[in-house]
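*Asks:* Pasting a structure below so you can have a look.
The values are calculated or read from the model by the stated rules, or taken from the named source; none is laboratory data. A quick note: this is a predicted structure, and the numbers were derived from the prediction, not measured. Here Cβ is always computed from backbone atoms with ideal geometry, including for glycine, and neighbour counts include all displayed protein chains. Please note that ligands, DNA and RNA were not included when accessible areas were found on the heavy atoms of the full protein model with its side chains. Shrake-Rupley method; radii C 1.70, N 1.55, O 1.52, S 1.80 Å.
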Amino acid sequence: MSQLDDLYRRVIMDHYKSPRNRGELEAGSVTVNLNNPTCGDRISLQLEIENGIVNNAKFTGEGCSISMSSASMMTDAVKGKTADEALKLADKFSSLMKGESVEFDEYEDIEALSGVNKFPARIKCATLAWNALRKGVEHGHGKHEGIEQ
């Protein structure tokens, strides 16, 4: 195992053991509930979007270290971003999962998930929170609750 792989593993485990933004927002936020039936990962993502800005993002759920650390990283990365910037981050993450070389200058921890693309079964784990983000932002230009899938 290379030093970079070891570093990435430590970053992922840090987000898994000490998730950022775990919890719930107050009523009035956009709520997206998604699950990955293949492995049982579940996420409930809440976004506070005002005037096209993601002011806050929190999540709850259960799943493997990949899905939960990805949710932690994603919620950190999108806070304060415009809806368009958040969607562009989701697009960059999709590219990363396809094995493309992508840099997340503004939030390097996300790059720790770059090795996931070597394990096709785990890509759905990593992208679950990002798919919830996409749905939330797309529906979040107003205030909605309980977007389900």
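*Asks:* Given that compact globular proteins tend to follow 2.2 N^0.38 Å, what is the ratio of the alpha-carbon Rg of the stretch 42-149 to that value? Could the numbers behind the result be given before it?
*Replies:* Numbers: Rg = 13.0 Å, N = 108, 2.2 N^0.38 = 13.0 Å.
In units of the 2.2 N^0.38 Å rule of thumb, it is 1.00.
*Asks:* Okay, moving on. Calculate how steeply helix 120-139 sits against the longest principal axis of the alpha-carbon atoms of the chain, using the helix alpha-carbon long axis, and give the answer as 0 to 90 degrees to the nearest 10.
*Replies:* 20 degrees
*Asks:* Moving to a separate point now. Excluding ligands, DNA and RNA, what is the solvent-accessible area per residue of the chain at a probe of 1.4 Å, expressed in Å²? Present the calculation step by step, with values, prior to reporting the outcome.
*Replies:* Numbers: 7720 Å² over 149 residues.
Solvent-accessible surface per residue comes out at 52 Å².
*Asks:* Enter the angle in degrees (range 0 to 90, nearest 10) between the Cα long axis of helix 65-78 and the first principal axis of the Cα atoms of the chain, meaning the one along which they spread out most.
*Replies:* Approximately 50 degrees, to the nearest ten.
*Asks:* Ranked highest first by the average count of other Cβ atoms within 10 Å around their residues, in what order do 65-78, 28-41 fall? Intermediate values should be presented prior to the final figure.
*Replies:* Values: 65-78: 25.1, 28-41: 17.6.
So the peptides 65-78, 28-41, ranked by packing, come out 65-78, 28-41.
*Asks:* Rounding to the nearest 10 and keeping the result within 0 to 90°, find how far the Cα-based axis of helix 3-17 lies from the longest principal axis of the chain.
*Replies:* Relative to the chain, helix 3-17 is tipped by roughly 30 degrees.
*Asks:* So what is the relative contact order of the chain, in percent, for Cα pairs below 8 Å that sit 6 or more residues apart? Can you show the working numbers first?
*Replies:* Details: 273 pairs, mean separation 47.7, N = 149.
Averaging sequence separation for qualifying contacts and normalising by length gives 32 percent for the chain.
*Asks:* What is the packing order of peptides 120-127, 7-14, taking the mean over residues of other C-beta atoms within 10 Å and listing the highest first? Don't skip to the answer; put the middle values down first.
*Replies:* Values: 120-127: 18.6, 7-14: 15.6.
Most protected by this proxy first, the peptides run 120-127, 7-14.
*Asks:* Give the separation of the Cα centroids, the stretch 1-64 to the stretch 71-98, in Å.
*Replies:* Between the Cα centre of the stretch 1-64 and that of the stretch 71-98, the gap is 11 Å.
*Asks:* Another question about this same structure. Treating only the Cβ atoms of Lys and Arg (+1) and Asp and Glu (-1) as charged, compute the dipole magnitude of the stretch 1-114 about its Cα centre; round to the nearest 20 debye. Show your work: numbers first, answer last.
*Replies:* Numbers: 12 positive and 20 negative charges, 72 e Å.
Around 340 debye, computed over the stretch 1-114.
*Asks:* With all protein chains present, how much of the accessible area of the chain (probe radius 1.4 Å) comes from carbon and sulfur, to the nearest whole percent?
*Replies:* Numbers: 3550 of 7720 Å².
That fraction is 46 percent.
*Asks:* Sticking with the crude label model, points 7 Å out along Cα→Cβ, report the distance from Asp5 to Arg22 in nm, one decimal please.
*Replies:* 2.7 nm
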